[in-house]
Amino acid sequence: MDTSKLVVGQDVRVVSGCYFGGEGKVSKITSSSVDVELCGGVVWRFNKDGKESNGSGTFECGPWELEDREAEDAKDAKDAKEREVFAAWCERMFSSFYPRPRDRQR
């Protein structure tokens, strides 16, 4: 993530590959680092590339990284809409081949 576009108070996520480290707010920005306050008041420092400065992270996926929460939420919403459109298309295309079972009447 390009940390030059961050502002103090901005919501961010901390991730390492598929692992979710939490959500927090940018609390301090310098020319070489960004501090993020996570839940419970814990502050993590990230370098200008958005990677955690002290090198910790997960074994499988590497260091913790910053992710822009608003951008990811917008991407998730777009992905959900695309899945919805695809599901509707599949239903239209294949409903004649695989009709839905009729409701049983008791």
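Looking across segment 56-65 at every residue that is of a type outside the set (Phe, Trp, Tyr) and surrounded by fewer than 17 Cβ atoms within 10 Å (Cβ to Cβ), the one that is modelled with the lowest pLDDT is identified as SER56.
All told, ARG92 falls short of being over 19 Å from the mean Cα position of the chain (by Cα), in a loop (DSSP other than H, G, I, E, B) and at pLDDT below 85.
Residue-wise test of (1) in a strand (DSSP E or B); (2) of a type in the set (A, V, I, L, M); (3) crowded, with 16+ Cβ neighbours inside 10 Å.
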| site | (1), (2), (3) |
| --- | --- |
| VAL15 | yes, yes, yes |
| GLY21 | yes, no, yes |
| LYS25 | yes, no, no |
| SER31 | no, no, no |
| VAL34 | yes, yes, yes |
| ASP49 | no, no, no |
| ASN54 | no, no, no |
| GLU70 | no, no, no |
| ASP76 | no, no, no |
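Is one or more of the residues making up segment 26-34 more than 15 Å from LYS5 (Cα to Cα) and either acidic (Asp, Glu) or without any contact (Cβ under 8 Å) to a residue 40 or more places away in the chain (or both)? No, segment 26-34 contains no residue that is more than 15 Å from LYS5 (Cα to Cα) and either acidic (Asp, Glu) or without any contact (Cβ under 8 Å) to a residue 40 or more places away in the chain (or both). Only one entry of GLU37, GLU67 meets the criterion of being among the acidic types (Asp, Glu), touching a strand residue (DSSP E or B) at 6+ places or on another chain (Cβ under 7 Å) and in contact (Cβ under 8 Å) with a residue 40 or more places away in the chain, and that entry is GLU67.
From the list LYS5, LYS51, LYS25, the one residue that fits, being under 23 Å from LYS75 (Cα atoms) and in contact with a Pro (Cβ under 6 Å, 6 or more places away or on another chain), is LYS51. Of the residues making up segment 36-47, those that are of a type outside the set (A, V, I, L, M, F, W, C) and loosely packed, with under 10 Cβ neighbours inside 10 Å are GLY40, GLY41.
Name the residue that is farthest from THR58 (Cα to Cα), counting only residues in segment 2-13 that are among the charged types (D, E, K, R) and assigned to a strand (DSSP E or B). Per the stated criteria, the residue is ASP11.
Selection over segment 28-43 of residues that are out of contact with any Phe, Trp or Tyr (no Cβ under 7 Å at 6 or more places or on another chain) and either within 17 Å of LYS75 (Cβ to Cβ) or not basic (Lys, Arg) (or both) gives a count of 11.
The values are calculated or read from the model by the stated rules, or taken from the named source; none is laboratory data. What you are looking at is a predicted structure, and each value in this text was computed from that prediction instead of being measured. All Cβ positions, even for glycine, are placed from backbone atoms using ideal geometry, and neighbour counts span all protein chains on display.
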